[in-house]
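Q: Quick one: the structure is below, and I'll ask about it shortly.
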Amino acid sequence: MNTWTDALRRGLIGGSIASAASAVALMIGGRACGCGPYAPINAPSQWVWGQRALAARGPSLQHTLTGCLIHHGSSVLWGIVHARWFAPAGHTPSTPGAIAGATATAGLACIVDYKLTPPRLRPGFEHHLSRPALTAVYAALAIGLAASTLALQRPARRGCPDEGGTEGIAPSPGPATPRSDCTTTDGSCGAGSAGISATQIEA
């Protein structure tokens, strides 16, 4: 059942994985673009510290910790959205289906971040990353969401033991039934010369 409780649980896990994956992409992209690995991580702290956060390029509690917390919280929020509407519980997703759902979630996140959000509340990545590097960040977000979806909603392994722990135990045979060719009154069984009567055995 696709309840909010289940969506919160899966969203927390999936969002955390996506947060870590996209944070790595941010640091790689920052280094590749020449601003250093910490500048993109610091950028979301503009929510709290304003424009000066965009000039912070080194690690610091003020900007790096704040930026990490904001980025992680945003990723978990999108993880919950993904779990609730793009990867509902109760069905086993295929790999292409999981990737498609995660891509849709990441695309929606990008649209909300840069089309619907005021500049002060944007991630701030765009001030440090090129367009390809920014695309890679949202791709990493999608990869993290897809991976968590496949991991959390994979089907149960076949052949699991039942509650009594009787896996692999063959059922006991039932009582033997008389052969259909035992038609004589003295208990002889067999066809033609192969039949041996009970009286012959006693003799």
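Q: Looking at ARG31, ARG57, ARG52, ARG10, which one is of a type in the set (D, E, K, R), farther than 19 Å from LEU134 by Cβ and free of Cβ contacts under 8 Å to residues at least 60 places away in the same chain? Full working, then the answer.
A: Numbers: ARG31 fails: farther than 19 Å from LEU134 by Cβ; ARG57 fails: farther than 19 Å from LEU134 by Cβ; ARG10 fails: free of Cβ contacts under 8 Å to residues at least 60 places away in the same chain.
Unique residue meeting the criteria: ARG52.
Q: With respect to the numbered conditions (1) of a type outside the set (S, T, N, Q); (2) touching a Pro at 6+ places or on another chain (Cβ under 9 Å); (3) more than 21 Å from LEU152 (Cβ to Cβ); (4) buried (at least 16 other Cβ atoms within 10 Å of the Cβ), which one is the sole condition not fulfilled by GLY101?
A: It fails just one condition, (3).
Q: Which one of TRP85, TRP78 is modelled with pLDDT under 95 and of a type in the set (Phe, Trp, Tyr)? Explain how you work it out, then say what you get.
A: Details: TRP78 fails: modelled with pLDDT under 95.
The unique qualifying residue is TRP85.
The values are calculated or read from the model by the stated rules, or taken from the named source; none is laboratory data. As the structure is a prediction and not an experimental result, all values here were calculated from the model. Neighbour counts are summed over all protein chains in view; Cβ atoms, including those assigned to glycine, are modelled from backbone coordinates with ideal geometry.
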